[in-house]
Amino acid sequence: MGSSVRRSIAVLAALSMVFVGLLVSGATAATTTKPYSADITPACVSPGTSVVYTVTLRNTTKTQMLGSANVTAPTGFTITSATPDGTTVELRNLNTSPGGTVSRSFTATTSATVGAVNWSIIAKQANDYNGSPGNNLTLDTANSHLTSYVGTCVLAFVTQPTDAKVGANITSVTADPAGTPVRVEVLNGPGGQRVTTSSDAVSLAITSGTGTAGAALTPSTPSANAVNGLASFSFSIGTAGFGYQVTASSSGSTSADSAAFNVADDAVLCTGHGCNGNAAKNNVTVNVTAPLAASGDLLEIALDLETLSCSGYTPLAGTPVVTFTVTGSSYRLVTIIVPAALDPRPASQDRVCYGSSKPFTDRSGLTNVNVGLLPDCKNKVDLTSPTLLPCQRPTTVDRSTGAHTVSFYAPFGSTRGRT
């Protein structure tokens, strides 16, 4: 008999546990059927000032009304519009149906302390704010924005500009005008959250002292209105230069400088099986080929962005200094075609003045130099050798035009040259 009673008690206890579990699950499911979201703007305010705030409530329930709400200010704030206690805004008779939106404004004095603060809000179905806490609507925190920043909003680059060709759209994907655009976000303070309620106008300008003097953006001042706190840009630069930066600005926000990037006369993202780029100036054409370039390597050519001089050497007037870079480990064949009008001397007298951060042996036999005239290539050059040194190939002359084709080999890690 005692054993039977114990078994019955055990069964009842088990049933009670199941019953309690079902009640908890049912309560959780019920709360998700009464969601709403809320935004409070502006997101950034000056300390110790009177500010007109707007609270926007969105009723995302399926069947319940959104009738009333209490908005409680952060610590240090004082509600100065109609309020019973200086800390709470009572919103009544909202009568907002499912899917509807309602906004109300109020005035508050901000705290004197700089930093992020949070508003709190409770909404109910009843227009008079009656009903037990268990029947409150449920705040959808993922889609609500109740954080204010006492201080200035700040801008930040989400996707940075990268190297591009002159006149081509600059994106966050190197040498790809169709890549993901450069994007700037509005944050509610340094290291803060994106202000998704912001539709502020954000503009770009070349950062003072970067790139090439006199360069300009196209359009001259790229501007975009933020959408949900994020502004996207399409722009280009028409002048080659190293180390460009752009500054993002917006009224009422702290500006931000981008990472540095280059704009070249030609910029090619290699796809494997070699890579080739071209540029021209003063009727002088330049070709750089990297036969061993791998997919993803970057080839860039820029003309007259640097100065280069070799002792005892007089360069041909009008021929540019060629700066060329190729990532990866391919040697480079650089070809410079000079029209006859610029190069009247015999082909045997053509020389290449060459500069590189990688030391080489110059024409006079001097070793470990970084600037000097290139020696002639030997009859057989091992282009795959890791010890390959730069050297000049024999100049050829076009019989019909008289143009000189001056060319030289450059190993990985070396740059620059001119005739």
> Say we join alpha carbon atoms closer than 10 Å with springs in a Gaussian network model of the chain; which of R332, R399, R183 then has the biggest fluctuation?
Replying inline: R399
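Any idea what the dipole of the chain comes to, in debye rounded to 20, about its Cα centre with Lys/Arg Cβ at +1 and Asp/Glu Cβ at -1? If you can, show how the numbers build up before the last one.
On the way: 23 positive and 22 negative charges, 166 e Å.
Computed about the Cα centre, the dipole is about 800 debye.
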> When only C-alpha pairs under 8 Å and at least 6 residues apart count, what is the relative contact order of the chain, in percent?
Replying inline: 10
> At what distance in angstrom do the alpha carbon centres of region 82-149 and region 322-370 lie from each other?
Replying inline: 71
> Residue separation times 0.36 nm, minus the C-alpha to C-alpha distance between R345 and T72: what's the value?
Replying inline: 89.7 nm
> All other residues with a Cβ under 9 Å from the Cβ of Y354 taken together, and with Lys, Arg as +1 and Asp, Glu as -1, what is their net charge?
Replying inline: +1
>> Among DSSP bridges having both ends in the chain, what percentage is antiparallel? Round to the nearest 5.
In response: 90
>> Given R₀ = 60 Å, what would the calculated FRET efficiency be for K62 paired with H273, taking r from the Cβ atoms and rounding to 0.05?
In response: 0.55
> Lys pairs in the chain, Cα-Cα under 24 Å, at least 8 apart or on separate chains: how many?
Replying inline: 6
>> What is the sum of charges, Lys and Arg at +1 and Asp and Glu at -1, for the other residues whose Cβ falls under 12 Å from the Cβ of S144?
In response: -1
>> For the pair Y313/T54, report the inter-label distance in nm, with labels modelled 7 Å from Cα in the Cβ direction.
In response: 6.6
> Taking a point 7 angstrom from the Cα of S232 along the C-beta vector, which residues in region 170-214 have backbone N less than 15 Å away?
Replying inline: 170-173, 177-185
> Of (i) -0.49, -0.73, -1.07; (ii) -0.54, -0.82, -1.18; (iii) -0.23, -0.53, -1.13, which is the value of log10 I(q)/I(0) by the Debye sum over Cα atoms at q = 0.06, 0.09, 0.13 Å⁻¹ derived from the coordinates here?
Replying inline: (i)
> On the first, second and third principal axes, largest extent first, how far apart are the outermost C-alpha atoms of region 266-410 in Å?
Replying inline: 40, 33, 30
> Using the Cβ atoms and a cut-off under 10 Å, what net charge is assigned to the surroundings of S414, where Lys and Arg are +1 and Asp and Glu are -1?
Replying inline: +3
> Does region 239-346 come out rounded, prolate or oblate by the C-alpha gyration tensor, with a ≥ b ≥ c the root eigenvalues, rounded set by a/c under 1.5 and, if not, prolate when a/b is larger than b/c and oblate if not?
Replying inline: oblate
> What residue among Q245, Q193, Q64 shows peak mean-square fluctuation when the chain is described by a Gaussian network model with Cα springs under 10 Å?
Replying inline: Q64
> GNM, the chain, Cα, under 10 Å: largest mean-square fluctuation among R393, R194, R104?
Replying inline: R104
>> Contact order normalised by length for region 153-263, with contacts defined as Cα pairs under 8 Å and 6 or more residues apart; what percent is it?
In response: 32
>> Explain nothing, just compute: Karplus ³J(HN,Hα) = 6.51 cos²θ - 1.76 cosθ + 1.60, θ = phi - 60°, for every residue of region 404-419 in order, whole Hz, x for Gly and Pro.
In response: 9, 9, 9, 9, 7, 9, 10, x, 4, x, 10, 9, 6, x, 7, 9
>> Taking 0.36 nm per residue of sequence separation and subtracting the Cα-Cα distance, how much length would be gained by fully extending the chain between V397 and K378, in nm to one decimal?
In response: 4.8 nm
>> On a full-extension model of 0.36 nm per residue, what is the gain between K358 and T107, subtracting their alpha-carbon distance, rounded to one decimal in nm?
In response: 83.7 nm
> Once you treat every alpha carbon in region 35-150 as an equal point and sum by Debye, what is log10 I(q)/I(0) at q = 0.19 Å⁻¹?
Replying inline: -0.95
> What are the residues whose amide H is under 5 Å from the amide H of T207, where those residues sit 5 or more places off or on another chain and H is modelled from the backbone?
Replying inline: Q245, V246, T247
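Computed from the coordinates by the stated procedures, all read-outs in this text should not be read as laboratory data. Please read these numbers as outputs of a predicted model, since none were measured by experiment. In this analysis, Cβ positions are derived from the backbone assuming ideal geometry, glycine residues included, and neighbour counts consider all displayed protein chains.
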